[in-house]
Number of protein chains: 2
Amino acid sequence: MRQAAADEVFTALADPTRRALLEALSRGAPETSSRLAAELPITRQAVEKHLAVLGRAGLVERTREGREARYEMTPAPLADAASWIAAVGGEWDDTLARLQRAVERRR
Amino acid sequence: MRQAAADEVFTALADPTRRALLEALSRGAPETSSRLAAELPITRQAVEKHLAVLGRAGLVERTREGREARYEMTPAPLADAASWIAAVGGEWDDTLARLQRAVERRR
DNA sequence: CGAATCTGCAACTATTGGGTTGCGCAATGG
DNA sequence: CCATTGCGCAACCCAATAGTTGCAGATTCG
């Protein structure tokens, strides 16, 4: 169901640390939780919790490689969030309406 | 600053009740917290707390009218959220990149 | 005026959530 | 082969938040 998806995606995006993680993962290659934590003021375990939330929303995927676990961004669910935003805001401005059509076409 | 705006908007959108409130306000005329609460399984006071969160994000505005307080949707800040989504997801798909340009042009 | 109605504010409770420490286990490399 | 490295899991802590009840202040209307 789409509604559940939107809930998990928006919940995932609500935290600034998780948005920072997504930004980092969107910029570069798949990273491990340890290396991601090195750039943040929190522990690896906290980062892994955030990555778990992102994983539940379908925004990251984990692949085990030897003793490392690399996290990779899988941004497809962002379309659900964008679609919701466009649907609610669309009646106010046709820029968002165009945006909605673009996103919906892609689904 | 834009970052703070995105934070407040995404936080506001993370709760299903608040999204339901926005959907209701986007569909119809400005409503009071009492009438909005009548359609939900929670009290008027809880609804008002949610509307306060939406207000902090700039997504609703309150106008006093006699003894009623009408809440109206002001969806402009949604563009910040859409812009963030487009920026992070955009490198993966140029549909979202086009979307980003559309939103940014509008700012 | 007085009753009804609607809002505003405060106190309190319970649950969620972000963060930590601690420890055990698997993989790797000199 | 064993010391090192990196991950996974669990328990615990504290702050924030979604929700409640209760009540007082305005405003409308008969």
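The values are calculated or read from the model by the stated rules, or taken from the named source; none is laboratory data. Since the structure is predicted, the reported quantities are computational estimates derived from the model, not experimental observations. Quick reminder, even Gly has a Cβ in these numbers, built from the backbone with ideal geometry, and neighbours come from all protein chains shown.
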Subject >> Tally, over the range A:61-70, of residues that are of a type outside the set (Val, Ile, Thr), more than 7 Å from DNA strand D (Cβ to nearest atom) and more than 16 Å from residue B:89 (Cβ to Cβ) >> reply: 3
Original post:
Of all residues in the range A:29-83, which are more than 27 Å from residue B:13 (Cβ to Cβ), charged (D, E, K, R) and in contact with a helix residue (DSSP H, G or I) (Cβ under 6 Å, 6 or more places away or on another chain)?
Top reply: A:44
Original post:
Which of the residues spanning the range B:20-59 are in contact with an Asp or Glu (Cβ under 8 Å, 6 or more places away or on another chain) and under 29 Å from residue A:20 (Cβ atoms)?
Top reply: B:50, B:53, B:55, B:56, B:57, B:58
**OP:** Having 1 or more residues that are within 11 Å of chain A (Cβ to nearest Cβ) is the bar; report the helices (runs of 4 or more DSSP H) wholly within the range B:1-47 that clear it.
**Re:** B:2-13, B:16-27
Original post:
Any idea which of B:83, B:33 is of a type in the set (S, T, N, Q), at pLDDT 95 or above and surrounded by 15 or more Cβ atoms within 10 Å (Cβ to Cβ)?
Top reply: B:33
